[in-house]
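What follows is one structure encoded as structure tokens, with my remarks underneath.
The values are calculated or read from the model by the stated rules, or taken from the named source; none is laboratory data. Computed from a prediction, not measured in an experiment: that's the story for all the values here. Methodologically, a virtual Cβ is constructed for each residue, glycine included, from the backbone with ideal geometry; neighbour enumeration extends over all protein chains shown.
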Amino acid sequence: MKEHIIAVKNLVKIYEMGEIEVHALRGVDLDVRNGDFIAIMGKSGSGKSTFMNIIGCLDIPTRGSYLLDGVDVSSLTKDQLANLRNQKIGFVFQSFNLLSRTSALENVELPLMYNRRISSREMRERSLAALETVGLADRATHMPNQLSGGEQQRVAIARSLVNDPVVILADEPTGNLDTRTSLEVMDTFQKLNHKGITVVIVTHEADIASFTKRNVTFRDGKIIKSVENEKPRNAHEELIHLPVTVEGNEDEN
């Protein structure tokens, strides 16, 4: 594995809307090291989502270079990009993107279905192992509507892990979650990162970014700040000390 999982140099993205050119990225440089845990921040229209789409191989830059685990992405065909996404990147989305009529285990298995070299038995074993990693092995047969929001997001994280990616990209992974559930999700990410897994999240919440090791802020298509977080907050400790509220009684006082 390369020291730099992601190496971006002078990345430019221009969208043409009729006669109008929209400059979404204006010469972005960023290296993501093996074992990093980074929060990409910025207001709507700052370029952070465009950047994530490009490093997720969902879009291509107008100019500039992008190496993913040493592979020059700009030279790949659409099919090669799709294979690279499946093999190297794990995605986690704000809305979970779970299939409603499919069990937690079957949802986790989905990325493996594109790999014809994996047997059904190995697919099941790897998916169960991924669920165990996020603490949900006992929920393998549950349907999404039988799981809490935090459990659904952890199933989505397990799905992102099942192909042993070099990086997990998470787009607003706590955007739809309450405080306790957000802490549970960040606790999961921190535990994965402690095992050496590289994680990059997009978030507009400074509170969530404070759990990561580095905060990168976009504005007007450029990176205006990249700050190492010397003392990231510990989600597990905060979960332990978070008061337990009884549903329906939160506002009694």
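Condition test on G64, is it surrounded by fewer than 20 Cβ atoms within 10 Å (Cβ to Cβ) and either of a type in the set (G, A, S) or in contact with a helix residue (DSSP H, G or I) (Cβ under 7 Å, 6 or more places away or on another chain) (or both)? Yes. All of (1) touching a Leu at 6+ places or on another chain (Cβ under 8 Å); (2) small (G, A, S); (3) assigned to a loop (DSSP other than H, G, I, E, B) hold for S100 with one exception: (1). Looking across segment 103-125 at every residue that is in a helix (DSSP H, G or I) and of a type in the set (K, R), the one that is nearest to I6 (Cα to Cα) is identified as R124.
Which members of segment 1-30 meet the condition of being in contact (Cβ under 8 Å) with a residue 24 or more places away in the chain and charged (D, E, K, R)? Residues satisfying the conditions are K2, E3, K9, K13, R26, D29. A residue that is within 18 Å of E205 (Cβ to Cβ), hydrophobic (A, V, I, L, M, F, W, C), touching a residue at least 12 places away in the same chain (Cβ under 8 Å) and outside any strand (DSSP E or B) can be found somewhere in segment 158-178. Could you go through segment 135-155 and let me know if any residue there is touching a Pro at 6+ places or on another chain (Cβ under 6 Å), closer than 26 Å to I5 by Cβ and surrounded by fewer than 23 Cβ atoms within 10 Å (Cβ to Cβ). For segment 135-155, residues touching a Pro at 6+ places or on another chain (Cβ under 6 Å), closer than 26 Å to I5 by Cβ and surrounded by fewer than 23 Cβ atoms within 10 Å (Cβ to Cβ): absent. Would you point out the residue of segment 33-51, among those that are surrounded by 20 or more Cβ atoms within 10 Å (Cβ to Cβ) and out of contact with any helix residue (DSSP H, G or I) (no Cβ under 8 Å at 6 or more places or on another chain), that is farthest from I89 (Cα to Cα)? By that ranking, first place goes to S46.
Quick one: how many residues across segment 51-84 are part of a strand (DSSP E or B) and not aliphatic (A, V, I, L, M)? Let's see the steps before the verdict.
So in segment 51-84, the residues part of a strand (DSSP E or B) come out as 63-68, 71-72.
Those still in the list that are not aliphatic (A, V, I, L, M) too: 63-66, 72.
Number of matching residues: 5.
Which of the residues spanning segment 2-13 are surrounded by 17 or more Cβ atoms within 10 Å (Cβ to Cβ) and either over 18 Å from T198 (Cα atoms) or of a type in the set (S, T, N, Q) (or both)? Hits for segment 2-13 are L11, K13.
For segment 1-44, the tally of residues that are under 30 Å from T188 (Cβ atoms) and not in a strand (DSSP E or B) stands at 9.
Residues in segment 202-217 that are modelled with pLDDT of 95 or more and over 16 Å from A170 (Cβ atoms): T217 only.
Scanning segment 14-28 for residues that are surrounded by 14 or more Cβ atoms within 10 Å (Cβ to Cβ) and out of contact with any Gly (no Cβ under 8 Å at 6 or more places or on another chain) gives a single hit, I14.
Out of all the residues in segment 202-225, which are under 16 Å from V185 (Cβ atoms), surrounded by fewer than 18 Cβ atoms within 10 Å (Cβ to Cβ) and in contact with a strand residue (DSSP E or B) (Cβ under 9 Å, 6 or more places away or on another chain)?
Residues satisfying the conditions are H204, E205, S210.
Looking at T179, T141, which is the one that is of a type outside the set (A, V, I, L, M) and in contact with a helix residue (DSSP H, G or I) (Cβ under 7 Å, 6 or more places away or on another chain)?
Of T179, T141, the one residue that is of a type outside the set (A, V, I, L, M) and in contact with a helix residue (DSSP H, G or I) (Cβ under 7 Å, 6 or more places away or on another chain) is T141.
For the condition surrounded by 14 or more Cβ atoms within 10 Å (Cβ to Cβ) and closer than 19 Å to D164 by Cα, G70 does not qualify. Looking across segment 167-177, just one residue is modelled with pLDDT of 90 or more and surrounded by fewer than 20 Cβ atoms within 10 Å (Cβ to Cβ), and that is E172. Checking each residue in segment 73-119 for being farther than 22 Å from V28 by Cα, exposed (fewer than 12 other Cβ atoms within 10 Å of the Cβ) and among the small types (G, A, S) picks out S100, S119.
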